[in-house]
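What follows is a single structure, written as structure tokens, with notes after it.
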Amino acid sequence: MLEKRILTQRFNKYDGLSIRQYIDLDGFKALEKAFSMSSQQIIEEIKLSQLTGRGGAGFPTYIKMQAMLNETRDKYLVCNADEGEPGHFKDRHLIEKDPYQLIEGMVISAYAVGANKGYIYVRGEYNNAIQQLEKTIKIATTKGYLGNHICDSDFSFELVVRRGAGAYVCGEEFALMESIEGKPGRTRVKPPFPTEKGIFDYPTLINNVETFCNLPTIIEHGGEHYSTIGSNHAKGTKLICLSGNVKHKGLYEVPYGTSINDVISELGGGTANDIPIQMVQIGGACGPIIPPRLLNMDIDNEAFEIFDAKMGAGAIIVIDENYDLFEIVLRNMQFFLHESCGKCAPCREGHIQIVKLLQKFVNYQATHKDYVSLQSLAEVIHTTTLCGLGQTSPTSVISTMTYFKEAYDKRINQQNKE
Amino acid sequence: MNLQKILEKHAFQKDHLIEILIDLQNEKTYKFVTEEEVSLIADALKVPVSHVCGVMSFYTLLSFDERGKYIIQVCKDVPCYLNDDFNVLTTIEKALDISCGDTSKDQFFTLEQTACLGCCDEAPAMRINNKVYTKLTKAKVLRILEEYKEGILC
Ligand SMILES: Cc1cc2nc3c(=O)[nH]c(=O)nc-3n(C[C@H](O)[C@H](O)[C@H](O)COP(=O)(O)O)c2cc1C
Ligand code: SF4
Ligand code: FES
């Protein structure tokens, strides 16, 4: 069995609304246990588990929690459910199919760091998820798992849903906090980091949906047990969003250390009609595009450092030989052109030029000079921009120039012949 | 719910501006916000009009333009593109005789493109107002459009 279902263990076993059924499926056990522990004990368990953020950057979760604990002012907790990176749908599934697990994870986290108010920022397009959360927060509040004196303890925590309004960049943590404050989602210069100065300048802990969903299992079974799952570099399981040209697209939960190849062939059933795989994009539009010979790599972030990139939040997009590489890269860049917040010139203007250059490649009109311009523009955007959007957006250009250089050369030469 | 009610629901809080604008737009048949409403909201929340306009123009889901009763948004990102063997967008353009970005003459449909809807596991996907339709085929798309016209779907 390639799959190991921990976060998805309750999927389809209850309707995602009945709190009674969630409790019958061992829900809120971890929360009760957490209330018998001190803040420091909880953070120690998370440290032992070696849990890292599942929103893309893979930062150790306990470090942010510890920084929060050291703050004495009012504090906020934020769940990042903006999931807008093309190719991702895991957070939507986590919310729609087991929302109480997320709520439980957030309460444990809030209790550990001493936050009394939390936000779940959900992208506006996720109507079902928003409704599901609004209903379940109400139910959890009436049953005493949210609100004042949770489970008869001294701890109180209020949780509210905030909707996004169609801006991918609001997934970036500071842009998201600006948006929660009712402003356009333009990032801030860091440091200070959110744990010092977040929402309304108060210390704020922001984590991805999947990160919070890991807390109940860590607390229930202990951090050490959790750290036995996974690879040498990364612990626990990872939700994988498999899409593109595969037979069985879908959400899969596998331990870290699983190879991309196994996910595609064993879980995805390979490509439809067994058309050869041309390339695979990992981590969504901002991730590297790699050739089939690299697919025996692990899904952990460490392995991805060779691309100067991260595994990202878990998307694996399979592209078979029927598709044109340049069409794919162009679509990625059109996405970032549309989503740039406009704060930095290289991102705002650079994507316009990159799209024009790629259109020339798509239309067999590119020259060697265009290749050089494309390469230098990609480098400039990657190195001179303020937030992760610009820093990662050219990855599909840079990675294809590395691994599919012959495709670029061929396109340029074909143009010269005509 | 009129604007005053929406403002009250959000207790006139500045940080609820985006929520207020979404709620207001959802109330209206043609899904838009007027300049007059922008001034009213700015006054009520005690923020500059320019701030509300800045928010309106930043977020794709908010609009100053009157749109159709039903806004069709076709996903344009790679995972859907890789599963779209009949071209969802041109199918709808032809069926409704409008181009992407336009509203039909009877103001019934507006056709737009959208970024990934988080349904790539069921690609290709599109959204009509608040409902998402997945695993689209040509026949399914045409049937959905018909059912909206006939009032079976709404
Ligand atoms: C452009 C951009 C978009 C992002 N979108 C998301 C997102 O949709 N969801 C998410 O959890 N993190 C997203 N992130 C990462 C967040 O900034 C942040 O690292 C994350 O929420 C931290 O949570 P974690 O430590 O649990 O991963 C995005 C980052 C950037 C630069
Ligand atoms: S890199 Fe792009 S999205 Fe990020 S702050 Fe700069 S302009 Fe905005
Ligand atoms: S790419 Fe269309 S739903 Fe994700």
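Could you state the number of Å between the C-alpha centres of segment A:340-390 and segment A:164-184?
24 Å
Note the angle between two axes, namely the Cα long axis of helix A:99-113 and the longest principal axis of the Cα atoms of chain A, as a number of degrees from 0 to 90, rounded to the nearest 10.
The helix A:99-113 is inclined about 70 degrees to chain A.
Angle between the Cα long axis of helix A:127-142 and the longest principal axis of chain A, 0 to 90 degrees, nearest 10?
Taking Cα atoms only, the helix is inclined about 10 degrees.
Among A:A81, A:A407, A:A115, which one shows the biggest mean-square fluctuation in a GNM of chain A, springs joining Cα atoms closer than 10 Å?
Maximum among the listed residues: A:A407.
Which of rounded, prolate, oblate describes chain A, given a ≥ b ≥ c as roots of the alpha-carbon gyration tensor eigenvalues and a/c under 1.5 marking rounded, otherwise prolate only if a/b is larger than b/c?
Judged from the Cα gyration tensor, chain A comes out prolate (a/c at least 1.5, a/b above b/c).
If you place +1 on the Cβ of every Lys and Arg and -1 on the Cβ of every Asp and Glu, how big does the dipole about the Cα centre of segment A:1-45 come out, in debye to the nearest 20?
It comes to approximately 160 debye.
Classify segment A:191-303 as rounded, prolate or oblate, taking a ≥ b ≥ c as the square roots of the eigenvalues of its Cα gyration tensor: rounded when a/c is under 1.5, otherwise prolate if a/b is larger than b/c and oblate if not. Walk me through the numbers on the way to the answer.
Details: a/c = 2.43, a/b = 1.69, b/c = 1.44.
Prolate, since a/c reaches 1.5 and a/b exceeds b/c.
Can you put B:D65, B:D102 in order, fewest other beta carbons within 10 Å first?
Working: B:D65 10, B:D102 16.
If I rank by nearby Cβ atoms, fewest first, I get B:D65, B:D102.
Once amide H atoms are built 1.01 Å from N in the peptide plane, which residues 5 or more positions from B:H10, or in another chain, come under 5 Å H to H?
none
Per-residue mean of other chain beta-carbon atoms within 10 angstrom of the beta-carbon, peptide A:213-226?
For peptide A:213-226, the averaged partner shielding equals 0.
For chain B, can you list the cysteines whose C-beta has no other cysteine C-beta under 4.7 Å from it?
B:C53, B:C100, B:C116, B:C119, B:C120, B:C154
Rounded to the nearest 500 deg cm²/dmol, what is the calculated helix-only ellipticity per residue at 222 nm for chain B, with -39500 (n - 2.57) per DSSP H run of length n ≥ 4?
-12000 deg cm²/dmol
Helix B:138-149: angle to the longest alpha-carbon principal axis of chain B, degrees 0 to 90, nearest 10?
So the helix axis and the longest Cα principal axis differ by about 40 degrees.
Name the GluC sites (Glu not before Pro) in segment B:90-154 that are in a loop by DSSP and that have at most 16 other C-beta atoms within 10 Å, would you?
Loop-located and lightly packed - B:E150.
What are the lysines whose alpha-carbon lies under 23 Å from the alpha-carbon of A:K190, with same-chain residues fewer than 8 places away excluded?
Partners within reach: A:K64, A:K75, A:K310, A:K343.
Can you sort A:Y126, A:Y403 so the residue with the fewest Cβ neighbours within 10 Å comes first?
By the 10 Å Cβ count, ascending: A:Y403, A:Y126.
If you average the C-alpha positions of segment A:1-80 and of segment B:109-154 separately, how far apart do those two centres end up, in angstrom?
35 Å
Helix-derived [θ] at 222 nm for chain A: sum -39500 (n - 2.57) over DSSP H runs of at least 4, divide by residue count, nearest 500?
-12500 deg cm²/dmol
Taking the Cα centre as origin and putting +1 on Lys and Arg beta-carbons and -1 on Asp and Glu beta-carbons, what dipole magnitude results for segment A:366-418, to the nearest 20 debye?
Rounded to the nearest 20 debye, it is 80 debye.
How about segment B:5-105: which trypsin sites (Lys or Arg not before Pro) there are in a DSSP loop, with at most 14 other Cβ atoms within 10 Å of their Cβ?
B:K28, B:K46, B:K105
Rank B:T90, A:I23, B:V38 by how far each Cα sits towards the positive end of the charge dipole of the protein assembly as shown (+1 on Lys, Arg Cβ; -1 on Asp, Glu Cβ) and give me just the farthest.
Of the listed residues, the answer is B:V38.
Please identify the chymotrypsin sites (Phe, Trp or Tyr not before Pro) of segment B:73-154 that satisfy two criteria: DSSP loop assignment and at most 15 other Cβ atoms within 10 Å. Which are they?
Answer in residue order: B:F86, B:F108.
About its Cα centre, how strong a charge dipole does chain A have in debye, to the nearest 20, once Lys and Arg get +1 and Asp and Glu get -1 at the Cβ?
Dipole magnitude for chain A comes out near 680 debye.
Give A:K249/B:K31; A:K90/A:K135; A:K29/A:K138; A:K369/A:K410; A:K247/A:K405; A:K13/A:K90 a once-over and call out the pairs whose C-alpha atoms are over 25 Å from each other.
A:K249/B:K31; A:K247/A:K405
Of A:L25, A:L239, how do they rank once you tally other Cβ atoms within 10 Å and put the fewest first?
Listed from fewest to most nearby Cβ atoms, that is A:L25, A:L239.
Antiparallel as a % of all DSSP beta bridges within chain A, to the nearest 5?
Percent antiparallel among DSSP bridges in chain A is about 45.
Each reported figure results from applying straightforward, stated rules to the coordinates on display, with no laboratory input. Small disclaimer: the values here were computed from a predicted structure and weren't measured. No Cβ is skipped: glycine too gets one built from the backbone with ideal geometry, and neighbour counts run over all protein chains shown.
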